[in-house]
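Take a look at the structure set out below.
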Amino acid sequence: MFPNSAYAVPVGSFQNPVSPPAGDPDEGTLVSLCFNQDYAPYISGALTQLLLQSTWKVSSDDELNLVQMRMETLISMFGHLTPCYKPTPSGMEIEDNMPLRVDCNCEVFVPCCDGTEKQLVTTDMIQKPGQPGGGSTQPKPGGGQACYDLSMLAGGLALVPVLVNEGDTISITKNQGAGTDTGTDWYCPDGNTFFGGACITNTITDALDPAPALPHMSVIAKIGSVYYGAWQGQIITVPSGIVNQQVTLLVNQHNAGTPSGSYSMNVCVTNNQAATWSHILDLTLNTWGFTITDPDGDCFGTWVSGTGFVSCAVGNISPIDIQHSASGATITHLECTANYDASDGSGSLNLFAPYPTTLASEAIGSPGGSVTTAFDGTASAATIAVRGSLYIPTHPGSTIRLQQIKVRGVGVDQFPGAPSY
């Protein structure tokens, strides 16, 4: 508190819980701030209160885990600070040793004397289109996108350097140039007439062209055995049945020996294939969003830090039942490892997805030890569940301890931030 007084005691920054931010701290629109590096440890220390669960207005353990992991990322970013410049006062000129700023996207900026800055053009920005070759960027599954600048002669071909599958999309922008197959009539990339430096609305078709229903001399794309319009503004959705096919661009004409001119374009491919993910979940360190069910009002387990999920004693039964929502995912591998003790009696450790569909079951019994239950296949999971029970006739209180889960799936990642395997 300022000024100093006898009542200046530390208080939290938030009188009431606040809603968490929507994205990760190192993604989206990034900003920068230059300050004295000696202040960095104090800022990092002040940010640790963002790890307190009382700071956040959340509705589930999953949401709390996610925001706490994001805050850990934010705090760790203050351990990787790099030098930056302070804007110069208005009217000053910068001569030698001009400072530069390079952001997280490797874009370069220089300061102006009025405190603003200008971006420098890099070779990537002015690179002439051509035929992309080895090492071309590939779009990641789950909606990742990669764009390519291509060019081709009016009688030639261009290859989009990525394999496409059903559901992927291809968009065309920056389509420029002109071509002719007669030497007299010239055409724009969409098949309209090119005359006097302008594209004039006027298209024709030719029954001998590869795609006779599309405009003559327009840019087209071949996927499998089907042709699609590929000029400015076109968006092609890869049809069903296409698996790992190449996309070839060409001009819709049949006079292979005579065309002249060239075309250039920017082609963006969005990979809409479901993303795959895998995680190993150490239940002794974190619940990872699993919750204990209580269907009958009886104890179905507790979570103990350093031990994992531990079964309860209900008469002569020692049950454990945990579940996790898995909406939007298909589970392809699920594996749970537990240990238990039982002087006598028997029971089982079971996996479900979606609950109550049984995926795997492993018998357990005296004298105790370790057990692993695993499933490999395909399960469209609304809920992942692990359930175990021991029937102990003479030694109630024997326990099952769920300690590790390995899970692999397709679609929405159910455990963002968890270690992969």
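Where a number appears in this text, it was derived from the coordinates with a stated rule and is not lab data. Note that the structure is a prediction, hence the values are computed from the model and not measured. FYI the Cβ positions are ideal-geometry reconstructions off the backbone, even for glycines, and counts take in every protein chain you see.
A few remarks follow.
- When +1 charges are put on Lys and Arg Cβ atoms and -1 charges on Asp and Glu Cβ atoms, the dipole computed for segment 144-271 relative to its Cα centre reaches about 140 debye.
- Förster radius 35 Å - calculated FRET efficiency between Thr248 and Thr302, Cβ distance, rounded to 0.05: 0.05
- Proxy reagent accessibility, fewest Cβ within 10 Å first, across Met77, Met265, Met71: Met77, Met71, Met265
- Approximate spin-label separation Gln15-Thr82, in nm, with each point projected 7 Å along Cα-to-Cβ: 4.2 nm
- One way to sum up the overall shape of segment 331-386 is the equivalent ellipsoid from its Cα gyration tensor, whose semi-axes run 24, 10, 7 Å, largest first.
- R0 of 22 Å, Cβ-Cβ distance Ser361-Asp61: FRET efficiency to nearest 0.05: 0.25
- Simple label model, 7 Å out from Cα along Cβ direction - Leu163 to Asn339, nm: 4.4 nm
- Rounded to the nearest 20 debye, dipole of the chain from Cβ charges on Lys, Arg, Asp, Glu: 180 debye
- Peptide ranges 408-416, 271-279 listed from the most packed, as the mean C-beta count within 10 angstrom indicates: 408-416, 271-279
- With each label modelled as a point 7 angstrom along the Cα→C-beta vector, the Ser370-Thr116 pair spans 6.5 nm.
- In this structure, Thr237 and Glu107 have a Cβ-Cβ separation that, at R0 = 30 Å, corresponds to a calculated FRET efficiency of about 0.40.
- Order by protection proxy (mean Cβ within 10 Å, highest first), peptides 223-230, 234-241: 223-230, 234-241
- For the listed peptides 16-29, 106-119, a ranking on the average number of other beta carbons within 10 Å per residue, highest first, reads 106-119, 16-29.
- Based on every Cα atom in segment 144-271, Rg and the maximum pairwise Cα distance Dmax equal 14.0, 44 Å.
- A dipole drawn for the chain from +1 and -1 charges on Cβ atoms has a positive end, and of His216, Leu64, Met152 the residue lying farthest that way is His216.
- Added length on full extension, which subtracts the Cα-Cα distance from 0.36 nm per residue, Lys174 to Ile317: 44.5 nm
- Global form of segment 276-411, assessed from the alpha-carbon gyration tensor, a/c cut-off 1.5: prolate
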